[in-house]
Each structure stands twice: as C-alpha cells, then as structure tokens.
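Below is one structure; the comments refer to it alone.
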Amino acid sequence: MGSVITPQHVEIVDVASAQRHLGSGTVQQLDDCHLERWGLCMECSTPHDPAHGSEVTWLLPEPGLRLTRYLPRSRHARPEGSLLTAVRIDRDAWSWITTDLQLGLEVPERGTPRIVNSGEFASAVSDGLLSPEEADLALHTVHRTFEEISLHRDLDQWLAYRGVFTGV
C-alpha cells in the first residue's frame, strides 16, 4: 500500500544545481552540495537568522536519518546541539528525495539525546499522513539511534563508529 504524502513533508535535492526544493514550492540555493561515501552533505546560509550563520545538513541513507546542525554566526558562541530526523531517502543519479517521518532526536552538544516532535508524529499517524509502515520505520529508526548514541555517549563518536566524518 502506498503512503499518503503531503508536499510539505517531501524535499528534493538536485545535486547538480545545488538546489533544495521544499514542499512549500520554495527553492533554496545551497552554498555547498556534495556526495560523500556515507551520504549527501549540504550547507546553506541563514541570512535571516540572527544567531546562526549557516545550516549544515547530512542525509544518511543507511540509518535513514537527516542530521541538521546550525553553525553559530559568532566564532565565540558555543556550538548548539544537532537534530536527527527519521526520513525515507530515495535517490537517483540527479536527485535525493527525502520524506520526513515526523519523529526525531535532539542531541545537545553535551548531554543526553531526547525524542522530539512526538506530538506532530502522533497527529500525522492519526490523520493518515503517515502509513503504519512509515510510522513503524520512524519509531524503529529513532529508538535504535537513541540507543546507539547513548551507548557511544557522544554524537560525533557515534558518527565515527558509522564511518561518517563530517569535519564540522
């Protein structure tokens, strides 16, 4: 059975043109977009955000995650945490398509990860915006990732364990 997907939950990244097409119809030009052996790395400026200079996003197909980090505008600001979101990733030679599964983990720079967006996830499931299979995938992905990060006690150590070296 195919899932019902609303446009706001799908993003398409055109790797060749370094553009991210958001479900709202907005096209975002990326400052950087390149393939790594572990996935896709993207960076874009955030000129309207007073605290953050840019957003760095990695699409990690093997664990089914999108990792987002906001880089502070000030060199002296403390780095914030990261957001891991369960996603379904489809790709071809030209583009990467992510479907947001509405559940994620917030991982502070130093501290314990916590599950986020559970209210939005529950609403998406009850409204039929996520199929039961997608809901199960999201729950499995987030809980497995939570356990693994907790065992490694650090997001960067967990990423290194998975062979993801980001340089940020």
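The values are calculated or read from the model by the stated rules, or taken from the named source; none is laboratory data. Please read all numbers here as calculations on a predicted model, not as lab measurements. Because the Cβ atoms are built from the backbone with ideal geometry, glycine has one as well, and the counts that use them run over all protein chains shown. We work out accessible area using only protein heavy atoms, side chains counted, and drop any ligands, DNA or RNA first. Shrake-Rupley method; radii C 1.70, N 1.55, O 1.52, S 1.80 Å.
Note on segment 143-164: residues that are part of a loop (DSSP other than H, G, I, E, B) and without any contact (Cβ under 8 Å) to a residue 40 or more places away in the chain amount to 2. Selection within segment 28-62: residues that are β-branched (V, I, T) and farther than 15 Å from T98 by Cα. The member of this set that is most open to solvent (accessible area, probe 1.4 Å) is T46. Scan segment 125-142 for residues that are more than 15 Å from L65 (Cβ to Cβ), without any contact (Cβ under 8 Å) to a residue 40 or more places away in the chain and either not in a loop (DSSP other than H, G, I, E, B) or not acidic (D, E) (or both) and report the count. Total satisfying the criteria: 5.
Residue check: is A86 without any contact (Cβ under 8 Å) to a residue 60 or more places away in the chain, aliphatic (A, V, I, L, M) and farther than 24 Å from L139 by Cβ?
Details: without any contact (Cβ under 8 Å) to a residue 60 or more places away in the chain: yes; aliphatic (A, V, I, L, M): yes; farther than 24 Å from L139 by Cβ: no.
Considered against the rule, which asks whether it is without any contact (Cβ under 8 Å) to a residue 60 or more places away in the chain, aliphatic (A, V, I, L, M) and farther than 24 Å from L139 by Cβ, A86 comes out as no.
Output the residue which, of all residues in segment 69-117 that are of a type in the set (S, T, Y) and surrounded by 15 or more Cβ atoms within 10 Å (Cβ to Cβ), is nearest to D49 (Cα to Cα). Residue satisfying both the conditions and the ranking: Y70.
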